[in-house]
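The values are calculated or read from the model by the stated rules, or taken from the named source; none is laboratory data. As the structure is a computational prediction, the values presented were derived from the model and not from experiment. Note: ideal-geometry Cβ built from the backbone for every residue, glycine included; neighbour counts use all protein chains shown.
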Amino acid sequence: MSGRRAARRLVPAVLALALTGCGSGGAAPAADGAPTGTVTVFAAASLTGVFTELGDQLAAEYEGLAVQFTFAGSATLATQVLQGAPADVFASADPAQMDRVADAGLPQGSPGVFAGNVLEIAVPAGNPGDVGGLADLADPDRTIALCAPQVPCGAAAERLFAAAGLTAAPDTLEEDVRAALTKAQLGEVDAALVYATDIRAAGGDVEGIAVPGAADVVNEYPICALAAAPNPAGAAAFVDLVRSADGRQALAAAGFRTP
């Protein structure tokens with residue numbers, strides 16, 4: 001085959017990669033039809049369980065593709081992306097951190113919201129602190145863990161307390177929701193305000209207490225492939241899976257809300 005003919009046959013694949021955005025419904029395969037190599041996903045800590053499951057599913061579907069995750073607070077991850085970390089995909093626990101990345105022109109296309117989440121109180125098994133509701137998280141005599149205000153779960157907590165007319169009395173402010181949950185799991189605090197999905201993932205290690213009004217403070221989760229992704233085909237394939245019927249089913253099973 002001549003070089004000119006080979007170049008013509010590569011054009012459709014190149015255009016597919018160029019036209020695939022964060023909200024696209026179709027994956028952008030490599031030139032041979034399947035993504036390969038390693039796709040690096042930066043994702044909010046609350047996505048740890050379900051994204052790990054989806055990553056395993058994607059790797060099983062495409063031989064030669066590996067999915068590598070960095071889970072942390074969305075604010076931390078957004079800062080790393082802005083500083084040039086070699087990520088392929090960014091998934092945030094709220095639009096504010098995604099906006100920081102988008103304002104710098106770093107996403108490939110427009111980020112799309114794929115899930116929602118609400119806050120719930122986590123208490124150690126048996127509820128030794130006798131916590132009954134959000135007002136108890138404003139009690140200075142109880143030990144309370146919240147997320148730091150600069151991360152999505154902390155920003156949502158501030159909105160929830162403000163709506164309830166309460167002032168929180170935290171003893172510790174954690175950099176991501178999993179760290180706050182761990183405090184409750186280990187019995188280091190009487191209660192932690194975390195996502196409902198984290199309580200479900202923790203199983204019997206903690207008990208959950210629903211918060212009236214939490215449904216009015218829903219955190220929306222946007223995702224995007226990054227324009228400078230080292231593995232654009234792998235990035236598009238992962239975003240496509242998250243937004244597919246299989247992805248929605250996995251998210252719903254983990255307790256996330258459909259946007």
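Select from region 150-175 the residues that are not aliphatic (A, V, I, L, M) and not in a loop (DSSP other than H, G, I, E, B) and write down the one among them that is surrounded by the most Cβ atoms within 10 Å (Cβ to Cβ).
The extreme case among them is CYS153.
Any residue that is surrounded by 24 or more Cβ atoms within 10 Å (Cβ to Cβ), at pLDDT 95 or above and of a type in the set (S, T, N, Q) - is there at least one of those in region 127-149?
For region 127-149, residues surrounded by 24 or more Cβ atoms within 10 Å (Cβ to Cβ), at pLDDT 95 or above and of a type in the set (S, T, N, Q): absent.
Given the structure, is GLN57 of a type outside the set (A, V, I, L, M), modelled with pLDDT of 95 or more and within 21 Å of LEU181 (Cβ to Cβ)?
no
Being part of a loop (DSSP other than H, G, I, E, B) and modelled with pLDDT of 95 or more is the filter here, so list the residues in region 27-54 that pass it.
Within region 27-54, PRO35, THR36 meet the criteria.
Of all residues in region 216-235, count the ones that are hydrophobic (A, V, I, L, M, F, W, C), within 15 Å of PHE69 (Cα to Cα) and assigned to a helix (DSSP H, G or I).
So the count comes out to 1.
Here are some residues: GLY208, GLY187, GLY203. Which one is in a loop (DSSP other than H, G, I, E, B), small (Gly, Ala, Ser) and surrounded by fewer than 24 Cβ atoms within 10 Å (Cβ to Cβ)?
GLY187
Cβ-Cβ below 7 Å, separation at least six or inter-chain, first residue in region 146-159 and in the same structural domain as ASP94 (by TED's automatic domain parsing), second assigned to a loop (DSSP other than H, G, I, E, B) and modelled with pLDDT of 95 or more: which pairs?
Every condition considered, no pair remains.
Given (1) touching a residue at least 12 places away in the same chain (Cβ under 8 Å); (2) in contact with a strand residue (DSSP E or B) (Cβ under 6 Å, 6 or more places away or on another chain); (3) outside the structural domain of GLY165 (by TED's automatic domain parsing), where does GLY73 come up short, assuming only one miss?
It fails just one condition, (2).
All but one of (1) under 14 Å from ALA237 (Cα atoms); (2) surrounded by fewer than 24 Cβ atoms within 10 Å (Cβ to Cβ); (3) modelled with pLDDT of 95 or more; (4) polar (S, T, N, Q) hold for SER24, so report the exception by its number.
So the condition that SER24 fails would be (3).
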